[in-house]
Amino acid sequence: MGVLYLGLMITKTGPKLVEYNCRLGDPEAQVLLPRLKSDLLELLLAARGGKLDTCAPQWRDEVALTVVMASKGYPGTPQKGQVISGLDEAAQLPGVTIFHAGTERREGRIVAVGGRVLDVTAIGATVAEARARAYAAVSRIHWDGCFSRSDIGWRALNR
């Protein structure tokens, strides 16, 4: 099973392909898998055995949206070692899942150790609901130098 990822730049003359890959990468998977009702292992084994035509993935109707939280300096040389607060509070919000990408547990606390630190995924009945949930969770999480984009999903808000 693979996921075709297209990195596009939308210009006045139309979309331009910046990059592409076929993999089950972090943000790509983290926005899809919460919607998957089927057993992922069964799908992967069917794909490996050349029998993917014998099963069809089943999906939840909800929309999912992921916001990446990064450390100052990313994508270059990110700051590291800052204690992250608010994770438990954010994780309690309905429909929210927090994926750790660049974290470590040190002396009982979670610290940022990479550039892309957390991926905050939320599901909802609409893009607007999923987006509101994701950004509500993001607003509860903090470490010195953290940042995220504030425009994720804005073009799809009417869906």
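The values are calculated or read from the model by the stated rules, or taken from the named source; none is laboratory data. Everything numeric here is computed off the predicted structure, so don't read it as measured data. So basically every Cβ, Gly included, is an ideal-geometry build from the backbone, and we count neighbours across all protein chains shown. Heads up: the accessible areas ignore ligands, DNA and RNA and are worked out on the full protein's heavy atoms, side chains in. Shrake-Rupley method; radii C 1.70, N 1.55, O 1.52, S 1.80 Å.
Of note:
- First in the range 91-108 and farther than 14 Å from L65 by Cα, second anywhere and open to solvent by 50 Å² or more (accessible area, probe 1.4 Å) and among the polar types (S, T, N, Q), Cβ under 9 Å, 6 or more apart: A91/T97
- Out of T77, T97, sole residue that is in contact with a strand residue (DSSP E or B) (Cβ under 7 Å, 6 or more places away or on another chain) and among the hydroxyl-bearing types (S, T, Y): T97
- Within the range 94-111, the set of residues being closer than 20 Å to F147 by Cα and within 17 Å of the chain's Cα centre (by Cα) comprises V96, T97, I98, F99, H100, A101, G102, T103.
- G114 satisfies every condition listed in (1) of a type outside the set (A, V, I, L, M, F, W, C); (2) out of contact with any Asp or Glu (no Cβ under 7 Å at 6 or more places or on another chain); (3) open to solvent by 50 Å² or more (accessible area, probe 1.4 Å) except (3).
- Output for the range 35-56, where each listed residue is closer than 21 Å to T126 by Cα and either basic (K, R) or touching a Ser or Thr at 6+ places or on another chain (Cβ under 6 Å) (or both): R35, K37
- Considering R140, R105, R109, R149, the condition of being open to solvent by 60 Å² or more (accessible area, probe 1.4 Å), in contact with a helix residue (DSSP H, G or I) (Cβ under 8 Å, 6 or more places away or on another chain) and farther than 30 Å from L43 by Cβ is satisfied by R140 alone.
- Among (1) closer than 21 Å to V117 by Cβ; (2) among the hydroxyl-bearing types (S, T, Y); (3) more than 20 Å from the chain's Cα centre (by Cα), the one test that Y5 misses: (3)
- Residues that are more than 18 Å from G153 (Cβ to Cβ) and in contact with a Pro (Cβ under 8 Å, 6 or more places away or on another chain) are absent from the range 73-96.
- Breaking point among (1) among the charged types (D, E, K, R); (2) surrounded by 16 or more Cβ atoms within 10 Å (Cβ to Cβ); (3) closer than 22 Å to W59 by Cα, for R159: (2)
- Hits in the range 109-131 - residues which are closer than 16 Å to A90 by Cα, in contact (Cβ under 8 Å) with a residue 40 or more places away in the chain and either of a type in the set (D, E) or part of a strand (DSSP E or B) (or both): V117, L118, D119, V120, T121, A122, I123, G124, E129
- Applying the criterion of at least 1 residues that are surrounded by 11 or more Cβ atoms within 10 Å (Cβ to Cβ) and at pLDDT below 90 to the strands (runs of 3 or more DSSP E) found wholly in the range 1-102 leaves 4-11, 14-22.
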